[in-house]
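**Q** Dumping the structure here so I can ask a few things about it.
The values are calculated or read from the model by the stated rules, or taken from the named source; none is laboratory data. These figures come from a predicted structure and were not determined experimentally. For neighbour counting, all protein chains shown are included, and Cβ atoms are generated from backbone atoms with ideal geometry for every residue, glycine included. Note: accessible area is taken over every heavy atom of the protein model, side chains too, but ligands, DNA and RNA are not part of it. Shrake-Rupley method; radii C 1.70, N 1.55, O 1.52, S 1.80 Å.
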There are 2 protein chains.
Amino acid sequence: MTNEAQAVFTDLERELISFFVNAAQAIGLPRSYGEIYGLFFASDNPLALDDVIEKLQISKGSASQGIRFLKSINALNTTYLPGDRRDHYTAETSLRVIADGFIKERFKPQLKDGTERLKSLKNQYTSSELAPLKSKLENIEAWGKKADLLLPIVSKFLGPKDSKSKKTGLAI
Amino acid sequence: MTNEAQAVFTDLERELISFFVNAAQAIGLPRSYGEIYGLFFASDNPLALDDVIEKLQISKGSASQGIRFLKSINALNTTYLPGDRRDHYTAETSLRVIADGFIKERFKPQLKDGTERLKSLKNQYTSSELAPLKSKLENIEAWGKKADLLLPIVSKFLGPKDSKSKKTGLAI
DNA sequence: CATATTGTTCATTTTTTATTGAACAAATTG
DNA sequence: CAATTTGTTCAATAAAAAATGAACAATATG
C-alpha cells in the first residue's frame, strides 16, 4: 500500500510558493529552486527529500539538486530529527545569511573570473597595443575593485546574521 | 558589388568581446548583448546597426534588440554623425550610469512586483490564517524595504555619473 | 510619389537550460 | 551479509530562451 497521497496545498501555501518561484526566476535561478525554498518557508516543521518530491510532485533529481544548491547558499538549514534517518531541513529566513551565501557561491567566482581575464589580457599584449584602450581598461578594472569593496557593505546593510541579534558571545 | 567584408577582429578585440560576453552571462543576459557592448567598448568610433551585424555576424533582429536593450539601461549613448542617416552609438563607460540603468529597468520592477504580491497575499487572508506565518511574512516584507534603501547607496558607491566628475552646474 | 534606406516586430528555428528517472553508491538495518 | 533506505549522478528528454530573417512600418531621397 504505497501511500502516494496527492499533495494538496492551501491557497496560502500555493501563493507563497509562487512568490518564491517568481523571486527565483528574477535572479536567474530555476523555478524548482524557488518552489523548494517556498515549500520549506511555508512549512512549520522540518521536511525531508521525500516530502519535497511528494508535495511538489517533482522528480528525485530536481529535488536533490535543488536542496543541494539551497544548502550551498545557506538558504536551508539542516535539522536533526531523532528516530529518522533522513536529512531534514528548514528555511533560513535571514536575508543577510542567504545573500552572503549567494554572493560567495555565485557572485564572487564570476567576479574573480572577470578580474583574471582582464589581468591575462593586460599581460598578453604590449603597452603600445593596449594604448588606445588604456583608459577604458583601467576603468573596467576599477569596476571589479569597487564591486569587491561594495559586497561587505551590502552584507552589513542587510542586517544581522542572527535575526534576533542577540549577543551570545558565542560567535562561530 | 555588395561589400560583405568578412569581419576580422584583432586578438585583443576578440578577447575584450569575450570578456563582456562572459560578464553578460554572469548577470543573466543573452550572450549577444555582451558581444554588442564589447564591440562598442573596443571601438574607437561610433558604430551603427549595420556595423554590428557585419562585424559580429549576427542577425538584424538580434542586433536591433540588443542595441535597444543596451540603450534602455544607458550602456550605449547615441551619437550624432553628420551626413549619415543611421543611428550611431558609443559605449558608456561609467559603471554607475550602467548600474543605475540596469537597476531601474530590471531590478526595481521585479522588486515592485514582489512587494505587490506580498501585499495582495496579506489582504487576501484573515489574520488568523496568516498568524502561523506572521513573523516570517513580516521578515520578507522587510527584505523588500531593505533592498529599496540599499539601491541608492550602491549607486553612490559606484562613483560619479560623469567619469571626469566635473561640476558643470548644468545638472540635467 | 516611387524608390531606397533604416530600423522594428514577431513567427519559426536553433540553442541552451532545466527536469526527469533509471542506475548507482553509500549507509543502515535486522 | 542480504535487503532496504537514502541520496546522488548523469544520459535522455522536455521546456524555455535566444537568434534568425522575412515581412513590415517609418522616414528620407531624388
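**Q** Are there residues in segment A:116-138 whose accessible area shrinks by at least 30 Å² when all protein chains are included rather than the chain by itself, and which are they (probe 1.4 Å, ligands and nucleic acids not counted)?
**A** A:117, A:121, A:125, A:133, A:136
**Q** Sticking with this structure for a sec: With charges set only on the Cβ (+1 for Lys and Arg, -1 for Asp and Glu), what does the dipole of the protein assembly as shown come to about its Cα centre, in debye to the nearest 20?
**A** 1220
**Q** From the label point of residue B:134, set 7 Å along Cα to the beta carbon, how far off in nm is each other copy's matching point, shortest first?
**A** Reported distances to equivalent positions: 6.6 nm.
**Q** OK, next. Does anything in segment A:18-39 have its amide N under 17 Å from the 7 Å Cα→Cβ label point of residue B:122, and if so which residues?
**A** The answer is A:19-20.
**Q** Among A:60, A:108, A:145, determine the one that fluctuates most according to a GNM of chain A built with springs between C-alpha atoms less than 10 Å apart.
**A** Greatest mean-square fluctuation among the candidates belongs to A:145.
**Q** What pairs in B:71/B:104; A:55/A:104; A:104/B:161; A:161/B:145; A:108/A:145 have C-alpha atoms more than 23 Å from each other?
**A** From B:71/B:104; A:55/A:104; A:104/B:161; A:161/B:145; A:108/A:145, over 23 Å: A:55/A:104; A:104/B:161.
**Q** Under 10 Å from the Cβ of residue A:125, count the other residues' Cβ atoms, weight Lys and Arg +1, Asp and Glu -1, and hand me the total.
**A** Local net charge: -2.
**Q** A further question on this structure: Output ³J(HN,Hα) for segment B:140-147: one whole-Hz value per residue in order, computed from phi by the Karplus curve 6.51 cos²θ - 1.76 cosθ + 1.60 with θ = phi - 60°, and x for Gly and Pro.
**A** In residue order, the calculated couplings are 6, 4, 5, 4, x, 5, 4, 4 Hz.
**Q** Additional query: Out of the total accessible area of segment A:95-157 (probe 1.4 Å, heavy atoms of protein only), what percent is carbon and sulfur?
**A** That share works out to 57 percent.
**Q** Where only protein heavy atoms count, and the probe is 1.4 Å, what is the accessible area per residue for the protein assembly as shown in Å²?
**A** Ligands and nucleic acids excluded, the result is 61 Å² per residue.
**Q** For a quick check, take a GNM of chain B with Cα springs below 10 Å and name the residue from B:93, B:78, B:126 with the largest mean-square fluctuation.
**A** Of the options given, B:126 has the highest mean-square fluctuation.
**Q** Suppose a student asked you for the relative contact order of chain B, using Cα pairs under 8 Å spaced at least 6 residues apart; what percent would you report?
**A** Details: 160 pairs, mean separation 28.4, N = 172.
Relative contact order of chain B: 17 percent.
**Q** So, one more: For Cα pairs less than 8 Å apart in space and 6+ apart in sequence, what is the mean separation divided by the residue count of segment A:11-91, i.e. the relative contact order in percent?
**A** Reported as a whole number, the value is 27 percent.
**Q** From the phi angles alone, apply the Karplus equation (6.51, -1.76, 1.60; θ = phi - 60°) to segment A:10-21 and give each ³J(HN,Hα) in whole Hz, x where the residue is Gly or Pro.
**A** Using θ = phi - 60°, the values come out as 6, 4, 4, 4, 4, 6, 5, 4, 4, 4, 7, 4 Hz.
**Q** Treating only the Cβ of Lys, Arg, Asp and Glu as charged (+1, +1, -1, -1), what charge dipole size does chain A show about its Cα centre? Round to the nearest 20 debye.
**A** With only Lys, Arg, Asp and Glu charged at Cβ, the dipole is about 960 debye.
**Q** While we're on this one: Chain A: which residue's Cβ hugs the A-to-B rotation axis most tightly, distance rounded to whole Å?
**A** Of all Cβ atoms in chain A, the one nearest the axis gives A:28, 2.
**Q** Here's something else I'd like to know. Whenever you get a sec, compute what percent of the accessible area on segment A:11-91 sits on carbon and sulfur atoms (1.4 Å probe).
**A** 45
**Q** Which listed residue (A:76, A:28, A:43) has the Cα farthest towards the positive end of the charge dipole for segment A:11-91, taking +1 on Lys and Arg C-beta and -1 on Asp and Glu C-beta about the Cα centre?
**A** It is A:28, whose Cα lies furthest towards the positive end.
**Q** Under a point spin-label approximation (7 Å from Cα along Cα-to-Cβ), what is the residue B:141-residue A:49 distance to one decimal in nm?
**A** 3.8
**Q** Right, here's the next one. Please average, across the residues of B:20-27, the number of beta carbons from any other chain that are within 10 Å of each residue's own beta carbon, and give a whole number.
**A** 3
**Q** Separate question: Can you give me the long-range amide H partners of residue B:47? Hydrogens built in the peptide plane at 1.01 Å from N, cutoff under 5 Å, separation of 5 or more residues or another chain.
**A** For residue B:47, the qualifying residues are B:89.
**Q** Mind grabbing the interface size between B and A? I mean buried accessible area, both sides, 1.4 Å probe, in Å² to the nearest hundred.
**A** Interface area, both chains combined: 4000 Å², rounded to the nearest 100.
**Q** Just which residues of segment A:146-160 lose 50 Å² or more accessible area with every protein chain there, against their chain alone, with the probe set to 1.4 Å?
**A** Those residues are A:146, A:150, A:157.
**Q** Taking the Cβ of residue A:84 as the center, what net charge do the other residues with Cβ under 13 Å away carry, scoring Lys and Arg +1 and Asp and Glu -1?
**A** Around residue A:84, the charge tally is -1.
**Q** Which residue fluctuates the most in chain B, going by a Gaussian network model with Cα springs under 10 Å, if the choices are B:130, B:76, B:56?
**A** Among B:130, B:76, B:56, the largest mean-square fluctuation in the Gaussian network model of chain B belongs to B:130.
**Q** Per-residue mean of other chain beta-carbon atoms within 10 angstrom of the beta-carbon, peptide B:38-50?
**A** Taking the mean over all residues of the peptide, I get 1.
**Q** Right, here's the next one. Which cross-chain or sequence-distant (5 or more) residues have an amide H under 5 Å from the amide H of residue A:76, H modelled 1.01 Å from N in plane?
**A** A:71, A:92
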